[in-house]
Amino acid sequence: MRTPPPIFCGTLFGTIAILGGCQPDVSSSFAADRKVQFVDSVLGTLSVEDKAGEMTQLTLGMVCVGEKSDKLEEPHRLDTAKLKQVIVDLKVGSILNCGGHAYAPAQWHELISGIQAAAASKATGIPVLYGIDAIHGATYTSGAVMGPQQIGLAATWDTALVRKFAENTAIEVQASGIPWNFSPVLDVARDPRWPRFWETFGEAPKLVGDMGVATVKGYQEGPSPIAATLKHYVGYSRPLSGKDRTPAWIPERQLRQIFLPPFAAAIDAGAASIMVNSGEVNGIPVHADGHILKDILRDDLGFKGMLVTDWEDIRFLFKRHMVAADYKEAIVMAIDAGIDMSMVPTDLEFPVLLAELVREGRISESRLDESVRRILSMKYDLGLFESGGMPPSLETYPNREDVSGTAARAALESITLLKNEGQHALYPEQPILPIGGTGRILVTGPTANSLNYLNGGWTGTWQGKKTKYNTPGMPTAVEAMREEFGADRIAFESLDFNFGDRDIKRITSSHDSRSTQCAVVFLGEETYTETPGNVEDIELFDNQQSLVKALHGAGIPVIGVYIGGRPRTHAGIEPLMDAFVMAYLPGDFGAQAIADVLSGAFNPSGRLPFTWPRFASAHLTYDRKHTENISDTSGSEGFQPLYTFGGGLSYSNVATTGIELLSPDTVSVGDQISVKVTLENQGTRSSTETVILYSQDRVASITPAVDELRAYKQVVVPAGATMEVIMDVSTEDLGFFGRNNEYTIEPGTFGIRIKGEILDFELLQ
Ligand code: BGC
């Protein structure tokens with residue numbers, strides 16, 4: 001039996017000691033050398049089987065009592081015999097779970113300690129790397145703080161807040177004993193049919209990249225660092241059919257222009273790991289695509305971290321994609337393509353076959369060394385060799401109050417007021433929102449009374465549907481409305497998603513416009529993620545549209561509040577709603593945030609991070625091409641979103657009254673452009689305004705987009721005040737991927753647009 005490796009001081013990304021570890025007292029290059037020496041010394045002691053085991057990740061159910069299936073309700077008691085078989089005999093180096101459900105911190109500690117004790121008893125003693133999907137707070141720890149899903153976080157346009165929220169997530173995940181998070185999603189959402197639209201930071205590569213960097217830094221550089229995973233590299237979000245894990249066709253120029261930049265930015269920010277797209281791009285499953293996984297990822301983007309597959313994706317090379325004849329051929333393909341760790345996660349064959357392939361000479365041992373070096377480095381960076389991967393003391397588990405404020409603030413900042421035009425007969429002197437007066441408020445709609453619909457998928461469980469894992473004490477929308485407006489003002493009509501005409505009649509016959517000030521109708525979607533969220537149509541459900549029509553027909557002013565992860569088209573009923581609020585999936589604090597916005601206790605500041613289509617078959621993004629602006633040769637309008645990217649109102653309108661170039665109107669590549677923007681708050685309340693700046697390339701050798709998001713800034717403009725804001729744009733950012741797919745900056749005339757204000761300047765070589 002070999003002796004376990006020596007215990008070293010492992011630090012996260014060379015800077016911060018975790019899990020009670022020591023601070024580095026050496027220069028970072030010396031520390032880096034020490035890490036290399038340590039990793040090499042461990043690697044030198046490993047057998048081929050040890051290495052194959054390190055490259056294997058299994059699901060928690062595989063070491064628990066009962067069936068191996070992750071669909072088990074309770075895969076939560078460790079099975080000693082299975083632990084020995086998996087961790088000691090097969091030397092499996094990583095465990096995850098997305099099946100099962102949220103556990104209390106104490107139960108996590110029991111699970112993780114049991115797994116790490118088994119790891120310590122194997123010959124190498126290398127601790128297990130446990131990974132989890134904590135995608136909007138510590139989703140698998142019961143009682144943890146659940147904030148908005150990524151699409152809502154993006155709507156805040158507040159990267160500092162998003163970074164803080166990620167720090168807090170890391171605190172709870174790490175306190176549960178878990179050092180590795182499968183987050184953030186850096187897929188760029190270009191198609192609302194795709195069922196993981198809500199898991200993204202929206203449609204603009206720059207916003208996705210900025211939010212991604214903030215999240216990575218929050219996870220990795222906060223007080224309790226955990227490792228981030230960028231996913232799903234790359235092209236996952238744009239399948240031709242709109243359905244999860246179906247083929248995408250993305251020319252390399254578009255890949256580089258739209259889908260790679262967020263990954264590039266987050267890699268530069270030091271992201272520890274990346275998860276691969278389960279789908280295929282241009283006919284090649286990404287798990288078998290060395291061009292994407294090596295040439296682009298390692299050579300072009302300089303990624304040095306660890307590359308993990310998504311769920312079962314090596315097996316799927318022969319089971320689903322049909323590019324390999326059997327499991328062994330699939331393994332050869334994926335390893336050749338550059339995979340470091342296989343999320344197997346429900347068979348015991350992978351490590352056995354991988355070792356066999358090395359003995360047969362089909363995969364070289366040095367290729368295994370490459371991956372195992374990355375895995376050991378990550379374990380070292382996370383301090384696992386020092387702590388044995390054991391969870392920190394439960395006594396240090398954070399107080400919920402200490403980490404909940406940011407989630408509540410993020411929910412508030414995300415809520416986006418998209419329309420506020422109507423009035424109610426009882427109070428004709430004021431707009432429909434905020435809801436003033438003292439009249440009765442009818443609250444109805446299928447998302448009005450559910451914490452699950454506020455949270456969405458990946459909450460307590462994978463699909464987020466089970467009420468028993470909800471955070472106790474957090475209000476649903478109607479409960480928060482009662483709290484905010486007084487229970488006696490709220491008339492609640494409960495509906496589930498399958499309500500029909502009889503339910504609608506019941507409601508309209510019991511409420512009329514004389515006795516009802518307004519109806520707040522909670523529209524939207526049930527929870528889903530991945531393939532269960534595939535849809536045939538993104539039009540809003542017929543019954544929800546009928547409900548709005550009926551209430552409008554009864555003369556009751558309608559305020560629509562949409563709780564859901566993707567924009568559903570509803571052009572037919574949009575004019576029938578006096579106000580419309582997008583709440584996204586705001587999490588446990590979402591109900592209070594919605595109520596605060598509806599009452600006016602909070603002046604809304606959210607801005608839409610995507611384009612809301614008017615017609616289901618005519619979806620375009622804000623950075624459409626000029627030819628997409630016209631629908632036919634007569635020149636009629638082809639770009640008619642229902643709500644535009646960046647859109648959002650407040651209760652005190654801030655107008656952009658002028659923009660002025662502070663730099664000369666002729667600049668050279670490398671120069672910075674500065675623009676002075678004048679804002680005027682025309683109302684009576686202080687408003688947070690997000691100034692959004694687009695560039696417009698007037699003529700380019702590759703057809704330019706109409707607008708490209710280049711900069712944004714948030715400022716608070718006091719009531720009645722005029723304010724000047726300086727926005728900077730680097731000319732280095734004005735390029736695009738040219739005919740040879742290389743980044744090119746072409747001289748010529750460029751425009752800067754902020755709302756309706758546009759100015760031009762000349763860019764010289
Ligand atoms: C999802 C990933 C997730 C993984 C592990 C997969 O089904 O696509 O986003 O990280 O499961 O739970």
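Mind jotting down the distance between the C-alpha centroids of region 333-367 and region 439-471, whole Å?
That distance is 42 Å.
With +1 assigned to the C-beta of every Lys and Arg and -1 to the C-beta of every Asp and Glu, and no other charges, what is the dipole magnitude of the chain about the Cα centre in debye, to the nearest 20? Before the final figure, lay out the partial values.
Numbers: 65 positive and 94 negative charges, 209 e Å.
Charge dipole, the chain, about its Cα centre: 1000 debye, nearest 20.
State the Cα centre-to-centre distance between region 403-430 and region 157-188 in whole Å.
26
For each of M582, M727, count neighbouring Cβ atoms within 10 Å of the residue's Cβ, then give the residues from fewest to most. Could you put the intermediate results ahead of the total?
Numbers: M582 29, M727 20.
If I rank by nearby Cβ atoms, fewest first, I get M727, M582.
Restricting the count to DSSP beta bridges whose residues both fall in the chain, what percent are antiparallel, rounded to a multiple of 5? Intermediate values should be presented prior to the final figure.
Details: 54 of 101 bridges.
Here the antiparallel bridges make up roughly 55 percent for the chain.
May I ask you to list the lysines whose Cα is less than 30 Å away from that of K84, ignoring any residue fewer than eight positions away on the same chain?
Correct list for K84: K35, K51, K68, K71, K122, K319, K328, K379.
Please compute the length gained on full extension between D733 and D268, using 0.36 nm multiplied by the number of residues separating them and subtracting their Cα-Cα distance.
Values: separation 465, 0.36 × 465 = 167.40 nm, distance 1.62 nm.
Stretched out fully, the D733 to D268 stretch lengthens by 165.8 nm.
Hey, rough spin-label estimate for K625 and D501, points 7 angstrom out along Cα→Cβ, what's it come to in nanometres?
4.6
Using Cα atoms only, what is the angle between the long axis of helix 542-553 and the major principal axis of the chain, expressed in degrees (0 to 90) to the nearest 10?
Computed tilt is about 20 degrees.
Arranged by the count of other C-beta atoms within 10 angstrom, fewest first, what order do S28, S605 take?
Values: S28 12, S605 25.
Sorted ascending by nearby Cβ count, the order is S28, S605.
Can you list the lysines whose alpha carbon sits under 25 Å from that of K505, skipping same-chain ones fewer than 8 residues off?
Within the straight-line limit of under 25 Å, K505 reaches these lysines: K549.
Going highest first, how would you order 56-66, 697-707, 460-470 by mean Cβ packing within 10 Å? Could the numbers behind the result be given before it?
Values: 56-66: 22.9, 697-707: 16.4, 460-470: 18.5.
Top to bottom by mean Cβ count within 10 Å: 56-66, 460-470, 697-707.
By average Cβ neighbour count within 10 Å, what is the ranking of 225-232, 306-313, 526-533 from highest down? List each step's numbers first, then the result.
Details: 225-232: 26.6, 306-313: 23.5, 526-533: 19.8.
Ranking, from highest mean packing down: 225-232, 306-313, 526-533.
Given the pairs K243/K466; K294/K713; K206/K468; K243/K713, which span a C-alpha to C-alpha distance of over 27 angstrom in this model?
On the way: K243/K466 24 Å; K294/K713 36 Å; K206/K468 38 Å; K243/K713 35 Å.
Pairs exceeding 27 Å: K294/K713; K206/K468; K243/K713.
Region 678-715 to region 78-106: how many Å between their Cα centroids?
49
Using the charge dipole of region 654-764 (Lys, Arg: +1 at Cβ; Asp, Glu: -1 at Cβ; taken about the Cα centre), state which of T657, P747, V729 has its Cα farthest towards the positive end.
Of the candidates, T657 comes out farthest on the positive side.
Read-outs: derived from the displayed coordinates by stated rules, not from any lab. Being a predicted model, the structure only gives us computed values, none of them experimental. For neighbour counting, all protein chains shown are included, and Cβ atoms are generated from backbone atoms with ideal geometry for every residue, glycine included.
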